[in-house]
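Every read-out reported here was derived from the displayed coordinates using simple, explicitly stated rules and does not represent laboratory data. Only a predicted model underlies this, so the values are computations on that prediction, with no experimental measurement involved. No Cβ is skipped: glycine too gets one built from the backbone with ideal geometry, and neighbour counts run over all protein chains shown.
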Amino acid sequence: MANTNVPHIVIVGGGFGGLDAARALRGKPVSVTLVDRHNHHLFSPLLYQVATAGLSPGDIASPIRWILRKQSNLHVLLANVRRVDPNARLVHLDHDDSIAYDYLILAAGSTHSYFGHPEWSHRAPGLKTLDDALAIRRRMLLAFEEAEREKDPAKKRQLLTFALVGGGPTGVELAGALAEIAHHTLRHEFKAIDPESARIVLLEAGPTILPSFPESLRNSARRALRKLGVEVWENAAVTAIETDAVAIGGGAGNPDRLLAHTIVWAAGVAASPVGRTLGVPTDRAGRVIVQPDLSVPGHPDVFIAGDMASFTHQTRKPLPGVAQVAKQQGAHAARNVLRTIAGEPTAPFRYRDPGNMATIGRAAAIADFGWARVSGYLGWLLWLFVHILFLIGFRNRLSVLLQWASSYATYQRSVRLITEAQPSEPDA
């Protein structure tokens, strides 16, 4: 339990921000409690690989207690955070429990945003957790199995049509991986259908996919997707998601309605609702509008990191919701807590951008480091190296490296298992 003789710091969230905040407090004269509703840290950049049967859940996740097992001043709690009372300095948990804190670091991440249409979530699941990834994997693989049994040609075409909503990195990576499954992995495995006939449509409401990348890299990614057989529809805003169909408005030349049995949402995110319970200003995505030092206005003992923070002091717009932002903000928030405890002024946060990467498929990726832009095979090799490097634990690194090597050599995906529906997945 927390040591009452030293300041007690509560960290909410065991993702990239929370984990780096905890590590920054290792060996310091403080007591730390880390709270998360999952018992594992998830390497979310590779979550799409679980959804597309390339990796197992255990390859990209590690127990939080194991990761922080050598940190003697830290206590881990598995619990849901319901709300925060910053005036009473209390974090309220499920089961009517609560934790008192001297300092609080909120790094609870984000969830799906359906832009005011939560009813779409049942027909178009998003990708944020391992449960989400397993449910999407099940839907994708079942679509081929159901098509094999279907007698009606029109229904068969619908079953083999996949719509991915959102042209950011997640949507692009899912589209590329699914195309590889259809064109390579499943070849010659079915008798009544040709998996290569699967139609994969990537829908982007804006004028271009991957808007955070330079135009040359966006064009390279678009060419790579089309080479894989992916249809890229830009200026195609989704206006409704129906059972087995997506309604589309705008975009000259696109149909008003796309018949698709499998629909995956990769279009929008919203900050964890815990931020709204602070009673301070938030932006449209629910992110807390933070001070330059990442503290909450009016509450200098509360700091925000990662997807929950609307930090506009550097670029006049919120920083992207990527792992590196969360890691740097988590560590900086922890250091500012230590400065406050020591009676020193806090330091403003400044993001150091290491670059932006996305993979499109086999031997194709794009990378923007500012000083250099790389695409194709070299970009893919850099993408592999970076992701292996940042995985937690030697076992995970070795396992992922071996699975990727096998997949590259054989075109196979090792985890094509159809498991029972997850509790959050609606019945078909």
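Classify segment 42-91: rounded, prolate or oblate, from the alpha-carbon gyration tensor (a ≥ b ≥ c, eigenvalue square roots; a/c under 1.5 rounded; otherwise prolate if a/b is larger than b/c)?
oblate
Can you give the angle from 0 to 90° between the axis of helix 130-149 and the longest principal axis of the chain, with both taken from C-alpha atoms, to the nearest 10?
10
Past 32 Å, Cα to Cα, is the threshold; run Lys128/Lys191; Lys128/Lys151; Lys156/Lys227; Lys128/Lys317 against it and keep the listed order.
Lys128/Lys191; Lys128/Lys151
Relative contact order of the chain, please, whole-number percent, based on alpha carbon pairs below 8 angstrom and at least 6 residues apart.
In percent, rounded to a whole number, it is 19.
Taking square-rooted eigenvalues a ≥ b ≥ c of the alpha carbon gyration tensor, is segment 114-249 rounded, prolate or oblate, where a/c under 1.5 means rounded and, failing that, a/b exceeding b/c means prolate?
The shape class here is oblate.
Relative contact order (percent) for segment 112-167, with alpha-carbon contacts under 8 angstrom and 6 or more residues of separation?
RCO, segment 112-167: 19 percent.
Pick out, in residue order, every one of the chymotrypsin sites (Phe, Trp or Tyr not before Pro) in segment 87-173 that is DSSP loop and has at most 14 other C-beta atoms within 10 Å; say none if there are none.
Phe115
So how tilted is helix 215-227 from the main axis of the chain? Cα-based, degrees 0 to 90, rounded to 10.
Roughly 40 degrees between the two axes.
Using a ≥ b ≥ c from the Cα gyration tensor of the chain (square roots of the eigenvalues), is it rounded, prolate or oblate, where a/c under 1.5 gives rounded and otherwise the larger of a/b and b/c decides, a/b for prolate?
prolate
Take the chain, mark every one of the GluC sites (Glu not before Pro) that falls in a DSSP loop and has at most 14 other Cβ within 10 Å, then report the longest stretch left between them, sites excluded.
Between the exposed loop sites, the longest stretch runs 190-419.
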